[in-house]
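Colleague: So that we are looking at the same thing, I have put the structure below in structure tokens.
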Amino acid sequence: MFIVLLGAPGSGKGTVAEVLSQNLKLAHISTGDLFRENLKNETELGKEAKSYMDKGELVPDDVTVKMLEQRMEEPDIANGVILDGFPRTVNQAMILDKLLEKKGIKIDMALNIDVPFDEIVKRISDRRSCKGCSAIYNIVFNPPKQEGKCDKCGGELYQREDQKPEVVQNRLEVYKKTADEIIKYYEAKNILRTEKAGDKAGRTSYDVAGEIEEELRTK
Ligand code: ADP
Ligand code: ZN
């Protein structure tokens, strides 16, 4: 099974990916997480990506694709994959198609999590990350037990550069520019599935994940 997750930064697609990967035993591949790992380990790739990430811009395709290709060589993808954060442009979608074709894999579903932008800006600005283990908290919905301190590792919580309001706006602008065409791309292939989530829709990411999980189980 191969699922592609679409949705704006802060749409909750990371949460949906976590739930589906755990419950359906799929490898969760998040390009954002892979980049952050490279940053933390100060790899060459991390150095190349840093300036783009700090501004909320897309990292150039050659760097991103190389990283994804490497990840797709790991044995855990055999059981299926939930891909989160890639593709972000039609060009990346076409690159992904080629990469998968070589491996004889077909995309089963492109799941688009649709949350209104005003809700997203608020959500991301309320996020805090742990300096130690990168865990993410929401100071309103999912606060740590002790303010400013990570429940898991006791690390210091801070607002990541790309969680600051100006950068969030830019990330959303970057997303908006390419979202429509990528959604149309998968629509034309008859694998697009759009699910509304958020306060206005009255559905959380967990609600969406639960429904899709049921459906995929019987597939
Ligand atoms: P977001 O919450 O904005 O979706 P991610 O955690 O997915 O953030 O990604 C963080 C950053 O990593 C992005 O702002 C971008 O700089 C880089 N990145 C992640 N995935 C891609 C991609 N597919 N193409 C280019 N850059 C990417
Ligand atoms: Zn921590």
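Colleague: Since residue 106 meets every condition but one in (1) within 16 Å of ligand 1 (Cβ to nearest atom); (2) under 28 Å from residue 60 (Cβ atoms), which condition does it not meet?
Modeller: Residue 106 satisfies all of (1) within 16 Å of ligand 1 (Cβ to nearest atom); (2) under 28 Å from residue 60 (Cβ atoms) except (1).
Colleague: Can you tell me how many residues in the range 64-123 are in contact with a strand residue (DSSP E or B) (Cβ under 8 Å, 6 or more places away or on another chain) and of a type in the set (Phe, Trp, Tyr)?
Modeller: 1
Colleague: Continuing with the same structure: Given the structure, is residue 171 in contact with a Leu (Cβ under 9 Å, 6 or more places away or on another chain) and touching a residue at least 40 places away in the same chain (Cβ under 8 Å)?
Modeller: For residue 171, the condition - in contact with a Leu (Cβ under 9 Å, 6 or more places away or on another chain) and touching a residue at least 40 places away in the same chain (Cβ under 8 Å) - is not met.
Colleague: So, in the range 37-61, how many residues would count as being free of Cβ contacts under 8 Å to residues at least 40 places away in the same chain, of a type outside the set (A, V, I, L, M) and either within 16 Å of ligand 2 (Cβ to nearest atom) or part of a helix (DSSP H, G or I) (or both)?
Modeller: Of the residues in that region, 10 qualify.
Colleague: Let me ask you something else. Which of the residues belonging to the range 182-219 are in a helix (DSSP H, G or I) and either of a type in the set (Lys, Arg) or more than 18 Å from the chain's Cα centre (by Cα) (or both)?
Modeller: 184, 185, 187, 188, 211, 214, 215, 216, 217
Colleague: Whether any residue in the range 114-121 is away from ligand 1 (no atom under 15 Å from the Cβ), touching a residue at least 12 places away in the same chain (Cβ under 8 Å), in a loop (DSSP other than H, G, I, E, B) and not acidic (Asp, Glu) is what I want to check.
Modeller: Looking for residues that are away from ligand 1 (no atom under 15 Å from the Cβ), touching a residue at least 12 places away in the same chain (Cβ under 8 Å), in a loop (DSSP other than H, G, I, E, B) and not acidic (Asp, Glu), one finds at least one in the range 114-121, hence yes.
Colleague: To continue, here is another question. If we keep just the residues of the range 151-163 that are surrounded by 15 or more Cβ atoms within 10 Å (Cβ to Cβ) and closer than 26 Å to residue 8 by Cβ, which is nearest to ligand 1 (Cβ to nearest atom)?
Modeller: Per the stated criteria, the residue is 162.
Colleague: What's the number of the condition residue 23 fails, among (1) under 17 Å from the mean Cα position of the chain (by Cα); (2) away from ligand 1 (no atom under 11 Å from the Cβ); (3) at pLDDT 95 or above; (4) assigned to a helix (DSSP H, G or I)?
Modeller: Residue 23 satisfies every listed condition except (1).
Colleague: Taking the range 119-175, which residues are small (Gly, Ala, Ser) and either within 18 Å of residue 58 (Cα to Cα) or within 16 Å of ligand 2 (Cβ to nearest atom) (or both)?
Modeller: Going residue by residue through the range 119-175, those that are small (Gly, Ala, Ser) are 125, 129, 132, 134-135, 148, 154-155.
Correct list: 129, 132, 134, 135, 148, 154, 155.
Colleague: Something else about it: All but one of (1) of a type outside the set (Phe, Trp, Tyr); (2) assigned to a helix (DSSP H, G or I); (3) more than 9 Å from ligand 1 (Cβ to nearest atom); (4) modelled with pLDDT of 95 or more hold for residue 3; state the number of the condition that does not hold.
Modeller: Only one criterion is unmet by residue 3, namely (2).
The values are calculated or read from the model by the stated rules, or taken from the named source; none is laboratory data. Computed from a prediction, not measured in an experiment: that's the story for all the values here. Neighbour counts run over all protein chains shown; Cβ positions are idealised from the backbone, glycine included.
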